[in-house]
Each structure stands twice: as C-alpha cells, then as structure tokens.
Amino acid sequence: MTDAVRRLLDGIIDYAGLFPPAKLPMKESVDNFLRYRAGPEGWIMDRFVCASANLADLADELKPRNLDEPVPVSVIGKAPTTAEDWGDSLVHDAEAMTRFIERVKDAADIEGYEIRVPDQAGIADYVRDLRSFNQVEVYCELPWTDGLKDSLGVIAEEEWLGAKARTGGLEPSAFPSPESLAEFLQQCHQLEIKYKLTAGLHHPFRQGHMHGFLNAAIAASLLQAHDLSKSEVKEILSEEDSAAFVLKDGKLAYKDLGAALEDIDEARGLFVSYGCCSIEEPLDDLRKFGLC
C-alpha cells in the first residue's frame with residue numbers, strides 16, 4: 001500500500017453494519033467491529049454507528065463483554081419528518097444517549113452525534129438547538145434541496161459543528177448527482193467545514209450511478225491543493241477509470257492536477273469519514289485494484 005492510499009483512507013470508515021443494505025443483528029455487528037478493530041482491517045475503520053433508538057440494545061450487547069478499550073460510538077439521531085417533530089427528536093436522542101452512558105460506563109464512548117434536519121429553511125434554529133449536544137462532535141445532515149449552499153454558510157459560523165451529506169441509498173434516485181456532490185465538497189473546503197458522507201460508497205471508483213469513495217477522497221485532496229472549480233471537482237467524481245489516477249508513495253495526481261501528502265492530510269482533516277455497512281467489501285475492491 002502506498003503512503004498516498006494509506007493517508008487517503010486511514011480511519012475513513014465508520015462501521016454501520018446495523019444499517020441497510022447489510023442490516024445485521026446487533027450481536028453480529030458488534031462482533032464484526034471488534035474483530036475488525038483487532039485485525040488487519042483496523043487501519044481503515046473508526047467508529048461504530050448506532051441509531052439512538054438502538055442504543056439500549058447496544059448497551060445490552062456491550063455490558064457483559066470484557067473489552068480492552070471503549071467502543072467509540074457515533075449516534076444517528078431520530079430523523080424528524082417535519083420541523084414540528086424536531087424538538088421531540090432531540091429530546092428522545094438526548095435521553096437515549098444519557099441512559100446509554102449510564103449503563104455502559106467504560107465499555108463505550110459516544111464521540112459523535114449525527115442528525116438529519118427536515119429542511120433548509122429552519123437551519124439557523126436547528127443549529128441553535130444542536131448546541132446542547134456539542135460535548136461531542138456534531139454533524140448536521142442536509143437534504144439535497146435548494147438552499148444547501150446557504151445552510152453550509154450557517155454551519156460554517158459554528159466551530160463545533162460539521163456537515164453531513166447522503167451519497168446513496170437502496171434506490172438509484174437516492175444518489176446525488178456528481179454536480180451536487182461537487183458543490184457540497186467545494187463549499188465545505190472553501191468554508192473549512194468538517195464533513196462526513198454516508199451511504200452508497202461501497203467501491204473505490206465510480207460505477208454507474210454509484211459514487212466512489214476514492215473519487216471523493218481524491219477530489220477532497222485536490223481541492224485542498226488547488227482552487228478547483230465545481231466542474232473540475234465534478235469531473236474527478238465522475239471518473240470511472242482507475243488508470244486516470246496516480247497514487248504513488250509521495251504523490252497523488254489526476255491528469256495535470258497533483259497533491260502532496262501534506263495536502264492529503266489537510267484534506268482528511270475536513271473529510272472526517274463516511275458511513276459504510278461493510279468493511280470487507282471496500283477492502284476487497286482495493287485489493288482488486290492492487291491498492292492494498
């Protein structure tokens with residue numbers, strides 16, 4: 001594995017085995033996470049992802065185990081369908097998180113909280129309400145609707161808050177266009193917003209309507225190294241040919257655009273991670289391309 005690949009992908013996956021399409025039982029998901037963490041796959045993985053509604057089940061699974069170190073958890077909030085449900089969702093999540101910590105004690109740490117906002121219009125109010133969660137990292141998932149750019153501007157005003165974008169799902173319609181994702185990445189880097197991606201990033205390079213996780217990480221690194229236009233970022237995200245990218249020990253390149261290892265490190269300082277229900281599938285694909 002080259003230094004460029006290692007730095008691009010070190011700790012980039014939050015393990016979401018509980019979520020579709022895998023949708024594994026709690027015991028199997030926890031077993032997988034602990035096995036990956038202790039094994040050769042551990043380098044690419046970061047946190048265990050759990051919905052707030054399933055925290056009690058996670059506590060039941062963790063309490064009897066003799067763990068050498070706490071399980072780092074990122075909690076996915078109860079997504080409200082309307083602005084009227086927003087407050088109830090936050091109360092539900094805060095109570096569930098408090099009970100979880102009281103029960104598991106040193107077996108787990110809640111390190112992050114992620115929740116989807118119901119719309120762009122009320123973003124200022126949603127951000128204000130989320131301040132009560134800022135003892136951990138907080139990521140606000142924005143819908144792919146008009147006003148995304150303005151919402152990112154509001155998020156950028158809060159040092160404790162990051163952004164999150166959904167990059168796929170069970171249906172092709174759940175995948176944003178390369179142009180939409182390019183705008184999200186460009187704005188996050190220009191505004192220096194920490195961000196996460198979630199869903200659909202199962203393969204290193206773009207396949208059909210599915211975004212590639214290496215495309216996204218490479219685009220982030222080249223954005224860090226250059227003042228790229230949205231069309232240039234879109235081109236990188238749309239590239240399906242792995243041979244178009246150079247991933248050497250001391251260099252990353254796409255066509256005439258290059259990035260040093262320092263650019264990759266700075267880019268990953270903003271591109272925190274992406275949620276994926278599999279660890280083995282991305283690694284198997286990387287091996288097929290001779291990248292790890």
Quiz prompt | Given (1) touching a residue at least 24 places away in the same chain (Cβ under 8 Å); (2) not in a loop (DSSP other than H, G, I, E, B), number of the condition residue 190 does not satisfy | solution = (1)
Practice problem: Select from segment 193-221 the residues that are among the aliphatic types (A, V, I, L, M) and touching a residue at least 40 places away in the same chain (Cβ under 8 Å) and list them in ascending order. | Solution: 193, 197, 199, 201, 210, 214, 216, 217, 218, 220
Quiz item: residue 100 versus (1) out of contact with any Pro (no Cβ under 9 Å at 6 or more places or on another chain); (2) at pLDDT 95 or above; (3) assigned to a helix (DSSP H, G or I); (4) farther than 30 Å from residue 64 by Cα: which is the lone unmet condition?
Solution: (4)
Quiz item: Which of the residues that make up segment 141-177 are part of a helix (DSSP H, G or I) and either hydroxyl-bearing (Ser, Thr, Tyr) or under 17 Å from the mean Cα position of the chain (by Cα) (or both)?
Solution: 151, 152, 155, 173, 174
Self-check item: Of all residues in segment 130-148 being among the charged types (D, E, K, R) and surrounded by 14 or more Cβ atoms within 10 Å (Cβ to Cβ), the one that is farthest from residue 196 (Cα to Cα)
Solution: 137
Exercise. Residues being part of a loop (DSSP other than H, G, I, E, B) and either within 17 Å of residue 12 (Cα to Cα) or out of contact with any Lys or Arg (no Cβ under 6 Å at 6 or more places or on another chain) (or both): count how many of those fall in segment 224-275.
Key: 10
Quiz item: Do we have residue 209 as surrounded by fewer than 20 Cβ atoms within 10 Å (Cβ to Cβ) and farther than 20 Å from residue 5 by Cα here?
Solution: yes
Practice problem: Only one of these is small (Gly, Ala, Ser), touching a residue at least 40 places away in the same chain (Cβ under 8 Å) and out of contact with any Cys (no Cβ under 6 Å at 6 or more places or on another chain): 168, 153, 122. Name it. | Solution: 168
Exercise. Determine the pairs where a residue that is in contact (Cβ under 8 Å) with a residue 24 or more places away in the chain, located within segment 279-291, has a partner that is among the polar types (S, T, N, Q) and surrounded by 12 or more Cβ atoms within 10 Å (Cβ to Cβ) with Cβ atoms under 8 Å apart, the partner being 6 or more residues away or on another chain.
Key: 279/32; 289/242; 291/2
Exercise. Just give me the residues in segment 29-66 being touching a strand residue (DSSP E or B) at 6+ places or on another chain (Cβ under 6 Å) and either more than 15 Å from residue 97 (Cα to Cα) or not in a strand (DSSP E or B) (or both), in sequence order.
Key: 33, 36, 44, 45, 46, 47, 52, 58, 62
Quiz item: Quick one: would you say residue 216 is in contact with a Cys (Cβ under 9 Å, 6 or more places away or on another chain), closer than 26 Å to residue 284 by Cα and in a helix (DSSP H, G or I)?
Solution: no
Exercise. Filter segment 124-155 for residues that are touching a strand residue (DSSP E or B) at 6+ places or on another chain (Cβ under 8 Å), closer than 25 Å to residue 95 by Cα and not acidic (Asp, Glu) and give the result.
Key: 126, 127, 130, 133, 134, 136, 138, 139, 140, 142, 155
Quiz item: What residue, among those in segment 47-75 that are among the polar types (S, T, N, Q) and without any contact (Cβ under 8 Å) to a residue 40 or more places away in the chain, is surrounded by the most Cβ atoms within 10 Å (Cβ to Cβ)?
Solution: 54
Quiz item: Is there a residue in segment 279-292 that is within 30 Å of residue 136 (Cβ to Cβ), surrounded by 20 or more Cβ atoms within 10 Å (Cβ to Cβ) and touching a strand residue (DSSP E or B) at 6+ places or on another chain (Cβ under 8 Å)?
Solution: yes
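The values are calculated or read from the model by the stated rules, or taken from the named source; none is laboratory data. This structure is a prediction, so every number in the text was calculated from the model and none was measured. Virtual Cβ from ideal backbone geometry, glycine too; neighbours counted across all protein chains shown.
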